[in-house]
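What follows is a set of notes on a single structure, which appears directly below.
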């Protein structure tokens, strides 16, 4: 009898265990909670406000180009020639005769008055030594620079008697003497009479023209002409 009771109890226990296992297997399983890594895992997530979109100013050159390309092309219309404007009544359209004469008149250059080429001069008619014979070379050069194109000096067709030896003047060589003789200058008194205008005229016609002022040929010639007189 006791054995029967024990067998019945064991059978009931087995049935209970089997039914409990089947029920556990068929029941829905709860979701596993994610593993917590840090204290910030449970913190609520706040989404940042979106950054406002910046409005970019359009490039004026690009805007102008778009406007030009998008503008309507209007064909050009031929412009009719306009009639000449008539002058007011009582107003003459012609220039005064005096003004027309001034406009139409040709430009006439005033010739430079040159010294005549003389046959000869007696001693009383010969020009005296110029002011350059008493000036320093620096003053002579300054006076010549203000003389412009200059004037011809006193020239002769031939030497008055025997020609002076101009090479005795410091700065005059044989080439310069020949050039001066070809220009009608043969004597000391001629060189001594040179003015700033004369030196300016000669500077464009002889070699070593700077030596006329640097060594003052006029002062040297004046001394030699005084000794020869």
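Since every read-out is calculated from the coordinates, none of them should be taken as a lab result. In this text the structure is predicted, and so the values were computed from the model without any measurement. Using ideal geometry, Cβ is built from the backbone for each residue, glycine included, and neighbour counts are taken over all protein chains shown.
Things to note:
- Straightening the chain between residue 229 and residue 128 buys 35.1 nm, computed as 0.36 nm per residue apart minus the Cα-Cα spacing.
- Packing rank of 212-225, 132-145, where each peptide gets the mean count of other beta carbons within 10 Å, highest leading: 212-225, 132-145
- The stretch 129-228 shape via C-alpha gyration tensor axes, a/c threshold 1.5: prolate
- Mean Cβ neighbour count within 10 Å, used as a protection proxy, ranking 175-181, 20-26, 204-210 highest first: 175-181, 204-210, 20-26
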